[in-house]
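The values are calculated or read from the model by the stated rules, or taken from the named source; none is laboratory data. No experiment lies behind these values; they were computed from the predicted model shown. Every residue, glycine as well, gets a Cβ built from its backbone with ideal geometry; the counts of neighbours run over all protein chains shown. Accessible surface is based on the protein model in full, side chains and every heavy atom, while ligands, DNA and RNA are left aside. Shrake-Rupley method; radii C 1.70, N 1.55, O 1.52, S 1.80 Å.
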Amino acid sequence: MHERILTVTQLNEYVRRTLASDPMLKGVKLRGEISNFKRHSAGHLYFSLKDEEARVACVMFRSSAVGLRFMPRDGMRVVAAGSAALYPAAGQYQFYVDGMRDDGVGELYAAFERLKNALQAEGLFDAALKKPLPLLPAGVGIVTSPTGVVLHDIKQVARRRHPGVQLILKPSPVQGEGAAEEIAAAIAVLDSRPDVDVIIVGRGGGSLEELWAFNEETVARAIFACKTPVVSAVGHETDFSIADFVADVRAATPSQAAEIVIPRLDELEETLEGLRRRLNRAQAQRMALLRHRLNGLLLALQARQPIRRVQQQRAAMDALLGILAARAESRVAAERMRLDALRGKLDALSPGRVLARGYALVTAEDGRLLTDAHRASPGDCLRVRLARGALGAKVTEVYGDGKEKAGD
């Protein structure tokens, strides 16, 4: 009997043709819930459709995807139209979707929304309760799988940014049964450690089911009760979990979480140097201001010293004495001039001047000045004063004004 041996390519091609020729597999419409949704950079969509007991891999090429009126996402229930066929290169049976319409929210997504709304109403998402991250953490706690890429990515970022920061891992499964309880317990353990300043809780991307542990109420309440700031880094940038809403900070990826938490050493050193320069400049300005104020106070103090006031009063008195002396000298000079004028007038009217002109001063024996001839009698002795010397005389006759004798 001849042995028939097929290559893998032959087998896959045979199955492909068999499936392609089966009319039951064309124009099929499937109802299911989207899971593990991914959009390729070329525009193709890759996802799974699942129900309670099974799932099938699906692909929707860009030419069909551009006609969609909604954006597919994990947890969404849809009705997909297309055909089943084999992808020979991978030997994988999959459903090729030509069209798709929204069929409502899936059970997991509905549960996600119910818990999200309940916790939000309770205040677990309140922005006012978010704790600030430390500027320079000495220890960073990490809750993730010890074998996943998350821990490796965080270590890489930490070594690059600040090798001195200590990473403290509390390993935990990040999916599957019991994962939520272990994640919550790991958070509580790290929160109790005094050497942990901030906690990163995370895992890589995945489907809604794979990320579901981070949508459990147990994890949400563990994060909310944590006294240490918590950064959630669950999935990729487009993935959101309940843990993201409760955490103090949400990072798009675990690598970004490490960059948010761990400062760059060179930037810290540059900041410190800038602060040092500002401090020195501020100190110099402050010292200059205080020195200026001190000089002002010294001048004010000197102005208020008794000796300074005595000196000021003495200077004022000297000035007044100078003014007084000048005024007195001016007054004396004026009075001297006036006296000289009066002396001139008096000298002009003095008896000596009169006598020098030939007049004489006649007094009686009793010293009376004679101005009237009728007051003398013949025989009286008189004293006649001339400009030079004096004469004794005796009255022999008395005359009137016209040289006639008195009594004639």
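How large a share of the accessible area of region 18-73, in percent, is made up of carbon and sulfur atoms when the probe is 1.4 Å and the other protein chains stay in place?
Values: 1970 of 3670 Å².
After summing per-atom areas, the C and S share lands at 54 percent.
Loop only per DSSP, at most 16 neighbouring Cβ atoms within 10 Å: give me the GluC sites (Glu not before Pro) in region 133-209, ordered by residue number. Present the calculation step by step, with values, prior to reporting the outcome.
Numbers: sites: Glu177, Glu181, Glu182, Glu209; in loops: Glu177, Glu209.
Loop-located and lightly packed - Glu177.
Loop only per DSSP, at most 10 neighbouring Cβ atoms within 10 Å: give me the chymotrypsin sites (Phe, Trp or Tyr not before Pro) in region 66-151, ordered by residue number. Provide the component values of the computation, followed by the final result.
Working: sites: Phe70, Tyr93, Phe95, Tyr96, Tyr109, Phe112, Phe125; in loops: Phe70, Phe125.
Listed in order of number, the matching sites are Phe70.
Calculate how large, on average over all directions, the projected area of the Cα convex hull of region 232-391 is; give the answer in nm² to one decimal. List each step's numbers first, then the result.
Working: hull surface 118.7 nm².
If you wrap the Cα atoms of region 232-391 in a convex hull and average its projections, you get 29.7 nm².
When the accessible area of region 260-381 is split by element with a 1.4 Å probe, what percent falls to carbon and sulfur?
On the way: 6090 of 10300 Å².
The computed percentage sits at 59.
Under a point-charge model restricted to the Cβ atoms of Lys and Arg (+1) and Asp and Glu (-1), what is the dipole moment magnitude of region 177-319 relative to its Cα centre, in debye to the nearest 20?
On the way: 17 positive and 21 negative charges, 561 e Å.
The calculation lands at about 2700 debye.
For the chain, with only Lys/Arg (+1) and Asp/Glu (-1) charged at the beta-carbon, what is the dipole magnitude about the Cα centre, in debye rounded to 20? Intermediate results must be reported in sequence, preceding the final value.
Details: 57 positive and 49 negative charges, 710 e Å.
About 3420 debye.
Using amide H atoms built in the peptide plane, which far-off residues or other-chain residues are under 5 Å from Gly32 H to H?
HN-HN under 5 Å from Gly32: Val78, Ala80.
R0 = 56 Å: FRET efficiency of Thr7 with Thr271, Cβ-based, nearest 0.05?
0.30
Kindly provide the trypsin sites (Lys or Arg not before Pro) of region 336-381 that DSSP labels as loop, not H, G, I, E or B, and whose Cβ sees at most 15 other Cβ atoms within 10 Å. Don't skip to the end; give the middle numbers.
Numbers: sites: Arg336, Arg338, Arg343, Lys345, Arg353, Arg357, Arg368, Arg375; in loops: Arg357, Arg368.
The qualifying sites are Arg357, Arg368.
Just to check I understand the Karplus step: with θ = phi - 60° and J = 6.51 cos²θ - 1.76 cosθ + 1.60, what whole-Hz values come out for region 4-11, glycine and proline as x?
Taking θ as phi minus 60°, the curve returns 9, 10, 9, 7, 4, 4, 5, 4 Hz for region 4-11.
Where in region 69-94 does the label zone of Ala42 land, with the point 7 angstrom along Cα→C-beta and an amide N cut-off under 13 Å?
It comes to no residues whatsoever.
Once the dipole of region 226-272 is set up with Lys and Arg at +1 and Asp and Glu at -1 on Cβ about the Cα centre, which of Thr253, Val234, Thr271 lies farthest towards its positive end?
Of the listed residues, the answer is Val234.
How far, in nm, would the chain grow between Arg221 and Lys394 when pulled straight, counting 0.36 nm per residue and subtracting the alpha carbon separation? If you can, show how the numbers build up before the last one.
Working: separation 173, 0.36 × 173 = 62.28 nm, distance 15.84 nm.
Value of the extension gain: 46.4 nm.
If amide H atoms are built 1.01 Å from N in the plane of the peptide, which residues on other chains or at least 5 residues away come under 5 Å of the amide H of Leu382?
Ala393, Lys394, Val395
Taking a spot 7 Å from the Cα of Lys345 along the direction of its beta carbon, which residues of region 303-333 have an amide N less than 15 Å from it?
Within reach of a label on Lys345: no residues.
What nm value, rounded to one decimal, do you get for the distance between Glu52 and Leu382 when each label is placed 7 Å out toward the C-beta?
A separation of 18.0 nm, rounded to one decimal place.
What are the extents of the Cα atoms of region 347-389 along their three principal axes, in Å, largest first?
Principal extents (Cα only, largest first): 33, 19, 16 Å.
Using helices alone, what [θ] at 222 nm do you get for the chain, with -39,500 (n - 2.57) per DSSP H run of 4 or more residues, divided over all residues and rounded to the nearest 500?
Values: 11 runs with 171 residues, N = 408.
Here the helix-only value at 222 nm equals -14000 deg cm²/dmol.
For region 24-34, just list the computed ³J(HN,Hα) in residue order, Karplus coefficients 6.51, -1.76 and 1.60, θ = phi - 60°, integers in Hz, with x standing in for Gly and Pro.
Per-residue couplings from phi come out as 5, 9, 10, x, 7, 10, 10, 9, x, 10, 6 Hz.
For region 97-102, take each phi angle, set θ = phi - 60°, evaluate the Karplus expression 6.51 cos²θ - 1.76 cosθ + 1.60, and give the result in whole Hz per residue in order, putting x for glycine and proline.
My calculation for region 97-102 gives 8, 9, x, 7, 9, 5 Hz in order.
Sorted by packing (mean other beta-carbon atoms within 10 Å per residue), highest first, where do 41-50, 246-255 land?
Numbers: 41-50: 16.0, 246-255: 21.7.
Put in order of decreasing packing, that is 246-255, 41-50.
Which lysines does Lys116 reach when only Cα atoms under 24 Å apart count, and residues fewer than 8 places away in its own chain are ignored?
Filter leaves Lys38, Lys50, Lys130, Lys131, Lys227.
For Lys394, which lysines qualify as cross-link partners when the Cα separation must be under 24 Å and same-chain residues fewer than eight apart are set aside?
Lys403, Lys405
Under the rule of at least 5 residues apart or a separate chain, name every residue whose amide H is placed under 5 Å from the amide H of Glu209.
Those qualifying (amide H under 5 Å, at least 5 residues apart or on another chain) are Asn36.
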